[in-house]
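Take a look at the structure below.
The values are calculated or read from the model by the stated rules, or taken from the named source; none is laboratory data. Every value quoted in this text rests on a predicted model; they were computed, and no experiment measured them. All Cβ positions, even for glycine, are placed from backbone atoms using ideal geometry, and neighbour counts span all protein chains on display. Just so you know, the surface numbers come from the protein's heavy atoms only, side chains and all, with ligands and any DNA or RNA stripped out. Shrake-Rupley method; radii C 1.70, N 1.55, O 1.52, S 1.80 Å.
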Amino acid sequence: MLQVNRLQLSYGARLILDNVSFTVAPGEKAGLIGVNGAGKSSMLKIVAGLMESDGGSVSRPRTFGYLSQDIAHEEGTAEQGTVRDFVFNSTGLDTAVQEYESLSLQIANADGNDLEDLLEHFAQAQDSLERLGYYEADARCEELIAGLNIGGMTLDRAVSTLSGGQKTKLALVRLLFQSPELLLLDEPTNFLDVEAAGWLMEFLQDYRGALLIISHDLDLLDRSITKILRLNEFTHQLEEYRGTYSNYLTQTGDAQALLEKTKKQQEREISRLRKTSDRLRRFGATRVSQRRSIDRRIAELESSQPDLPQESRRIKIGFPVRQQSSQLVLMAEQLSKSYGSKEIFNNISFELERGQRLVVVGLNGAGKTTLLKTLLGVTPLNSGEVIMGDRVHVGYYAQENEGLDYENTVLHEASDILPDNIKRVRSILGRFLFNGERVFQKIKTLSGGEKTRLALAKMVLDGPNLLVLDEPTTHLDATSRNIVGEALGDYNGTILTVTHDVEFVRNLKPDSLLLMPEGRIVHYDARYDELLERA
């Protein structure tokens, strides 16, 4: 059983947790919810033993596993060895295999004096392999990799050749393979496509151990959870509600949350109807009346969508452009990238003109993030050339927050952009909800959503005319995603982005999609929404 007693935590003068106590019994599945910045991720790190509290105690079960939402900076995924080595290491199976292989060699070369002892140790090594599930281990690994839909990953592939997104999913595979008594998961569906997220929901629903999970995925909280723990941002204490997220809404009468849930359900239904309408359009005049009926239903749903309360739309942002670029912003000519014998993409060519919005789309492992990094010179190409136009000023949002110095405070990080105008810096940070003492908080203590807001605030201060964005809405809640999407929709610069957020794409109103890994440019329309969701 997990027992948490009277936790206290503050960042400077800012109170985060005040006398927080709760339990998660064996087999119980608890969802931890609260607004961005309430302290959910900090509390999960304290529970995992990775962060010190100011007071209180945590009693954990014998085995537990923790998945951070910021693995690139916190998990230290091993760069050496294969996928198999990395996963087997979670249970000590890699060491057991090495011991078995070493003893096999020693027995082959042993004389009579040592053979008896070696055979005894060999029998013990065989028992260890059996106890650790060696004989079905490869099959279990492959089942988890397939379930999480990690394209291009084999057990013999070197971890160092994986993309950032693939490493994040591999860390989840490793944790699920470990199968501990308690899983501690911080936004596990952030980097998963629709099919993989659905598979994970079923896996967690059937999981025999206990679960404490942070997620803004409402379906996950409805299907896999037996109680909700809400961290109140005003009292800094936990409120406990039995049942799923929907049960929580019913019990609390949380009007805003209910509106957000209703809005999301309606958006999904609108997306489904649009796909049906597009399919019927291919039949021409034979299905006109049926298509018109569906289009009327879409219009009715769009007009009846609930407006979120004004007080929830607290972020007030726009993305200014300090100087216009030349008409030609970027030219990519015959770009190719490989890691050893593994080809990521080949012979990709395209152009970006001023004001254009291009969305890069492809399944996991298709090389989307790698393409962005090669365009910016972060990752070297094997062949090809990237030409930037005159007066192009780039703003880059990295999926793994690579542009943030985790040891800086929020104010220090933002002030590096405009060191001579602290008043402007404080004003922009305030629009992104960094007020008062929050600006003196270290970046490493921020939640994923707060780090995203800070990275976007830096862009606003910098005024770039080309935005290169790698999954910019992953860590944001529904309200913030809409606000950022609307602000970027009004942006008068050029945008190149990787995203699987369909609503964000609609706000962006892109001209074209770049399909990876083939590098084909297509005009955007709603037919590609399903591909976006799966990307």
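Things to note:
- For the stretch 131-147 and the stretch 392-463, distance of Cα centres in Å: 42 Å
- Nearest 10 degrees, 0 to 90: helix 422-431 Cα axis against the chain principal axis: 80 degrees
- Label-zone membership for the stretch 362-395, site Leu418, 7 angstrom Cα→C-beta point, backbone N under 17 Å: 395
- Per-residue 3J(HN,Hα) values for the stretch 97-111, derived from phi via the Karplus relation 6.51 cos²θ - 1.76 cosθ + 1.60 with θ = phi - 60°, read 5, 4, 5, 4, 5, 5, 5, 4, 5, 5, 5, 4, 10, 7, 9 Hz in sequence order (x marks Gly and Pro).
- Backbone geometry of the stretch 437-454 corresponds, through the Karplus equation with coefficients 6.51, -1.76 and 1.60 at θ = phi - 60°, to 3J(HN,Hα) couplings of 5, 4, 5, 9, 7, 6, 4, 5, 9, 7, 6, x, x, 5, 4, 4, 4, 5 Hz, x marking Gly and Pro.
- The chain: angle of helix 112-131 to the longest principal axis, Cα-based, in degrees nearest 10: 40 degrees
- Other residues within the sphere of radius under 10 Å centred on the Cβ of Glu187, judged by their own Cβ, net out at -2 (K and R +1, D and E -1).
- For the stretch 178-248, taking the reciprocal of the average inverse distance between every pair of different Cα atoms yields a Kirkwood hydrodynamic radius of 12.9 Å.
- Label-point separation in nm, Glu130 to Arg520, each point 7 Å along Cα→Cβ: 5.4 nm
- Rounded to 5, the percent of DSSP beta bridges in the chain classed as antiparallel: 50 percent
- Computed from label points 7 Å out along Cα-Cβ, the spacing between Val386 and Arg62 is 5.1 nm.
- Overall, the accessible surface of the chain at a probe of 1.4 angstrom is composed of carbon and sulfur to the extent of 46 percent.
- Computed FRET value (nearest 0.05) for Leu50 with Glu240, which takes r as the C-beta separation and R₀ as 25 Å: 0.55
- Neighbours of Tyr134, meaning other residues whose beta-carbon lies under 11 angstrom from its beta-carbon, give a summed charge of -3 when Lys and Arg score +1 and Asp and Glu score -1.
- Ser160-Ala108 FRET efficiency (beta carbon distance; Förster radius 25 Å; 0.05 resolution): 0.15
- Mean ellipticity per residue at 222 nm, deg cm²/dmol - from DSSP H runs of n ≥ 4 across the chain, formula -39500 (n - 2.57): -12500 deg cm²/dmol
- With bins 5 Å wide beginning at 0, the percent of Cα pairs of the stretch 3-108 falling in each bin runs 2, 9, 15, 17, 15, 12, 9, 8, 5, 3, 2, 1, 0, 0.
- Net charge, Leu176 excluded, C-beta distance under 11 Å - Lys, Arg +1, Asp, Glu -1: +2
- The label point for Tyr406 and the one for Arg140, both projected 7 Å from the Cα toward the Cβ, are 2.9 nm apart.
- Gain on full extension, evaluated as 0.36 nm per residue between Arg208 and Glu300 minus their Cα-Cα distance, stands at 28.8 nm.
- Filter on Lys40/Lys444; Lys167/Lys342; Lys167/Lys373; Lys263/Lys368; Lys263/Lys509; Lys337/Lys368 - keep pairs with C-alpha separation over 23 Å: Lys263/Lys368
- Two-site FRET efficiency, Ser512 against Leu119, from Cβ-Cβ distance with R₀ of 45 Å, rounded to 0.05: 0.10
- Accessible area per residue in Å² at 1.4 Å probe, computed on the chain: 44 Å²
- Heavy-atom accessible area, probed at 1.4 angstrom with all protein chains present, ranks Asp186, Asp219 as Asp219, Asp186, highest first.
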